[in-house]
Structure formats: C-alpha cells, structure tokens
Amino acid sequence: MDATDLPAVLNANPGLDALLRKLQPLLDSGRMDNVVDLLSLSADLVDLLDAAMVEKLSGLFEEATALSWNLGNAMRMASAQTRNEPTPSLYGLLLLLRDPQTRRGLALVLRILNVIGRQD
Amino acid sequence: MARHIVIVGGGVGGTMLANQLVSKLYPEVLREQVRITLLSNSPDHYYKPAFMYVAFNQFFQEELKRPQRSLLRPEIDFQVQEVTRFDFTGQALHTRSGRCYGYDFLVIATGCVPAPERIEGLQQAGDHFYQYEAARQLARRLASIDKGRIFITVSFPQTPNVPHQCGIAPVETTLMLDDYLRQRGVRDKVEIIYTYPTTAQLLRNCLFLQRPTGEILPSIFEQKNIRFQRGFTLSKVDPEQRIAYSEEGDAQPFDILMATPPIRAVDAVLQSGASRAPNNEGWLPTNHETLQVYGLEGVYVIGDTVDLPISKAGGACHNQAPVIANNIAGEIRLGSTCAVYDGKVQAAAQMGLGAGMPLCYDYRHDVLPTPPTKLGSLLRNGFNRGLYWAVARGML
C-alpha cells in the first residue's frame, strides 16, 4: 500500500482512526515500545499457562480465600457476641471452655501450633 | 419473635443465597430478629458442572465436592434433612426423619433431576453427563470406543418455553468429544452426529435454543467434521437394536447415545401441588421479576425449579440470589419487595478441551457468540478449580 493511501484507509475505517488517535500521545512521548513490550509479556504469560498451571493457581486461590473467609467469619461473629455481653469474669472465661465448640476451636489452634512446630 | 428463613437445597443457588442473606440481614441476625436455616439431603456440596468433565476423565470426584458446612457462614443453621412435604398453608416443612420446620420465608432451591425413564428405552441404552455415576459410565464407554457412531440428542421439557438443563452443555460436550477422540487417535473411525429437536423453546428447526448461536454452529461443526441434523425429537430407543427413533419418523443407529435427557423437579416439589406445569414436570410458577412463587405467601424459588425461559444453570442462580436476598430484606424491612431480576445469565462455555467462550444474556438479549479462545478455556478452568468455591461462599 502506498503511504498516500493512508488517509483513505483511515476515512474508510473509523475504528482504526480512533485507535491511532489514542496511540498518538504514546508515540509522541516515545512510550509506545513499553506498551508493545507489555503485550509481548502478556502473550508469554498466556503461553506459560496450561491446565496444570491453572489448577495449581486456582488451588492457591481457593486456599487463600477459604482461609481469609473462615478467619473473617470467626472474627466477625466472635466480636459481635463479645460486644453484646458484659466483660466476663475469670470464671466466665472458664465457662466458655464448657462449650464443645470452644474446645474444638482450641484443639484446632493447638494442632496448628503443633504442625507449625513440625515444619520448623 | 425471630423471623425464620428456610432454604431447601444445598446446591449452588441455595448455598450462595444463604450466605448472601446473612450478609444482607446481618443487623437483624445479630439482634436475633432473623434466623436462617439451610436444609439439604447431603452433607456434601457438589460442583455439578464438573460432571461433564468427568465424562472425559478430566475431573476426579474428590475434586468436585466439599463439605457443605465449610461453604456456609457460621450464622447459618445447616441441617442434613431431606424435605419430603411442603405444607404451604401451615408454613411448615416435613422431613424424612420426621422433623417439622416452620418458616416465615421459604426459598425452594431443590434443582431438577434427569428423568431418562420418561423416554422408552433411554434409561437402558442412553448415556448422559448430568450426574456423577452416569458421567463415569459414559467416560468408560468413551475411553474404549475405537470405531462406530456416537449419536447426540437433546430433549426439552414439554412445558412451553422452558429449556433443558444448562443450555450450552450439549454443544460443549459435542466439541469436547471431538477433541477427546482426536487425542485418543480414533476420531477418523468414530462418527459424531449432533441432533436437535424440532421445538426448542420459541424456535423451530434449529440447532440451538437461541438463533445467533444456532446460526454459527454449522460452520463450527463442518470444520470439525461433526455431522448435524435438525428436527430429531427423541421419542423411543430400542436398546437391543441400538436404534434411536424420533417423533418426526426418523430412525438412527448408534454405538453410544449421548443424550440430554428429560428433566423434572424433585419429588417433594412434584407432590406439593404448587406447580401448574404439564407432563408432571413440576416447575414452579415464578414471578419473572421478583422470583416469588405465584399464589404462595413468602415463598421464593431459585435455580432449576423455576418455569422461566432462562438457562437452568449456576450462572442463572448467581444473578437470582442477590435479587431474592434483597427482596426478602425488603419484605422484612419495608414490607415489600424491592429488586427485579432481568434474566441475566453468564458463563464461560467450554467449546472443546482447549477453547472457551465467555457468554452473557438476559430476558431481552440473546448470546452474541464470539470466537472461542485459549484464554476463554483458561478462565473456565480457573473457575472450575478455584473461583467456583468463592462464588458458592458468596464472596464473588
């Protein structure tokens, strides 16, 4: 295509015209290379992603969201219950231990500490 | 006295709605003015769309289920109870174990079940991928077929303008099947025939339930040497001769009959007397904007049990749950509903084992198909393996 044909092409293609107008400031400031490099990097990342990689990343996502969700739920519910009750006495604290769910939670925390110790 | 909201069904609709209701009504939950109960017949939650991957040996059972309790906020009272009878007049539910639950608001989220027995011979000779065991049986057959004919059929409910389960699934699995047989190196010896019934909701003699997608399917199928046939409404199957017969008078032989079978609501809904759907299919008469059940006070329905013209799929539940949560909150706080469902459904369709197509539609707009891409498939895989569980927890 001859360079003199370019305005005709642009007139016939308003989408291309709009895109070039958007890109002009990047061309003028010499930053167009960064955008092309970024596109290249994105293409490399897509090439790297396969079913196995997606499975691993998705697993990590689920573990992280489930953990933050569980901790957030526990914190929110415990805060609300604590806010609604008077400050417990020492005996009141011990009474909390009579609740089997408190004991299950305590056992969970102790086991977490146990596993942390095992991995250390 | 606390208002009691009971959700029946621990599928994706019931689970995400229960979590969203706690969030929406948290001040009332804290003041013990509202309590939320979820009843399910299973202690486990299954990611049902993964069953179609099971048919191609892409998913283990252990990967597609989680304990139901682990997906629910702690404020929700979760009980493993199978509801056997709805007493709408007495605002009560009766369970198989003999317990009775009263309610102020009820959400029916019991889904639908495949009913291949409704077509003569289909249960004996047909295969499908809408339940785990059925998908495993299909997987064993697909893994061992070396030559022959795989015949694909789709059966719609007889209730007018109600779709079969997950509208895009027959197309997805046809394209996955083509890729799978190529991977196995037997595609050139196995013929694939995709068929569609004469009546598909409001369309006639097409290949899909929405026109824009139906119009691009012939070129996609031709590129992959998949044969296709319009106007095949499965009426009978001969398990001995392995022949599928159509209402239109056709007879087609098969080695594997991969069928999207008829579906119906669960037994308790069928027996509730609330449905006006023909053929004892059980779909509940649903207000298409508020998602309340017509004629019943304080009763809502989400997901596959509706009689709406939109897909019976998780992508519909995802947009129905916030509407129901807002409407129940509106009834409690303002005395009236305040949210409207626009029929939106979104999904990432698996268009072959390595290609995906995000899609979106609503009551007024059909899916505008785009070229399937690798990124679309990665998105779907990411959803299958991780994002789904955050959606069920009501986080996304």
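The values are calculated or read from the model by the stated rules, or taken from the named source; none is laboratory data. Predicted, not measured: the structure shown is a model, and the values here were computed from it. Neighbour counts are summed over all protein chains in view; Cβ atoms, including those assigned to glycine, are modelled from backbone coordinates with ideal geometry.
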Q. Could you list, in sequence order, the residues of region B:285-311 that are small (Gly, Ala, Ser) and surrounded by fewer than 21 Cβ atoms within 10 Å (Cβ to Cβ)?
A. B:295, B:298
Q. Can you tell me which residue in region B:327-338 is farthest from residue B:306 (Cα to Cα), limited to those that are crowded, with 17+ Cβ neighbours inside 10 Å and touching a helix residue (DSSP H, G or I) at 6+ places or on another chain (Cβ under 8 Å)?
A. B:332
Q) Somewhere in region A:76-90, is a residue of a type in the set (D, E, K, R), more than 14 Å from chain B (Cβ to nearest Cβ) and surrounded by 10 or more Cβ atoms within 10 Å (Cβ to Cβ)? A) no
Q: Identify all residues within region B:359-377 that are buried (at least 21 other Cβ atoms within 10 Å of the Cβ) and either polar (S, T, N, Q) or within 12 Å of chain A (Cβ to nearest Cβ) (or both); write none if there are none.
A: B:376, B:377
Q | Candidate set from region A:38-65 (those that are within 9 Å of another protein chain (Cβ to nearest Cβ) and hydroxyl-bearing (Ser, Thr, Tyr)); member that is farthest from the chain's Cα centre (by Cα) | A | A:58
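For (1) over 27 Å from residue B:203 (Cβ atoms); (2) touching a strand residue (DSSP E or B) at 6+ places or on another chain (Cβ under 7 Å), each residue gets a yes or a no:
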site	(1), (2)
B:307	no, yes
B:332	yes, yes
B:343	no, no
B:348	no, yes
B:351	no, yes
B:356	no, yes
B:384	yes, no
B:388	yes, no
Q.
Can you confirm whether residue B:350 is of a type in the set (S, T, N, Q) and within 14 Å of chain A (Cβ to nearest Cβ)?
A. yes
Q: Assess whether residue B:227 counts as being at pLDDT 95 or above and touching a Lys or Arg at 6+ places or on another chain (Cβ under 9 Å).
A: no
Q.
Looking at the structure I just gave you, is residue B:139 in contact with a Lys or Arg (Cβ under 8 Å, 6 or more places away or on another chain) and either surrounded by fewer than 17 Cβ atoms within 10 Å (Cβ to Cβ) or not assigned by TED's automatic domain parsing to the domain that holds residue B:317 (or both)?
A. no
Q.
So, residue A:72, is that one within 11 Å of chain B (Cβ to nearest Cβ), in a helix (DSSP H, G or I), out of contact with any strand residue (DSSP E or B) (no Cβ under 9 Å at 6 or more places or on another chain) and farther than 19 Å from residue B:379 by Cβ or not?
A. yes
Q: Please verify whether region B:123-136 includes one or more residues that are among the aliphatic types (A, V, I, L, M) and touching a Leu at 6+ places or on another chain (Cβ under 7 Å).
A: yes
Q.
Take residues that are at pLDDT 95 or above and over 30 Å from residue B:251 (Cα atoms) and tell me which of the strands (runs of 3 or more DSSP E) falling wholly in region B:88-140 contain 1 or more.
A. B:92-95, B:100-102, B:105-108
**Q.** Enumeration of residues in region B:27-77 that are of a type in the set (Lys, Arg) and either touching a strand residue (DSSP E or B) at 6+ places or on another chain (Cβ under 8 Å) or within 20 Å of residue B:130 (Cα to Cα) (or both)
**A.** B:35, B:48, B:65, B:66, B:69
Q: Go through A:99, A:28 for me and flag whichever is more than 30 Å from residue B:76 (Cβ to Cβ) and either more than 14 Å from chain B (Cβ to nearest Cβ) or among the acidic types (Asp, Glu) (or both).
A: A:28
Q: Can you give me the number of residues within region B:32-48 that are surrounded by fewer than 24 Cβ atoms within 10 Å (Cβ to Cβ) and either touching a Phe, Trp or Tyr at 6+ places or on another chain (Cβ under 8 Å) or closer than 12 Å to residue B:75 by Cα (or both)?
A: 7
(Q) Test of understanding: among B:335, B:298, B:314, which residue is closer than 23 Å to residue B:7 by Cβ, out of contact with any Phe, Trp or Tyr (no Cβ under 9 Å at 6 or more places or on another chain) and more than 14 Å from chain A (Cβ to nearest Cβ)? (A) B:335
Q: Quick one: which residue in B:356, B:343, B:386, B:394 is closer than 23 Å to residue B:165 by Cβ, within 14 Å of another protein chain (Cβ to nearest Cβ) and buried (at least 18 other Cβ atoms within 10 Å of the Cβ)?
A: B:356
Q: Give the residues of region B:83-105 that are surrounded by fewer than 16 Cβ atoms within 10 Å (Cβ to Cβ) and charged (D, E, K, R), sorted by residue number.
A: B:85, B:87, B:96, B:99
Q) Would you call residue A:35 more than 9 Å from chain B (Cβ to nearest Cβ), part of a helix (DSSP H, G or I) and at pLDDT below 95? A) yes
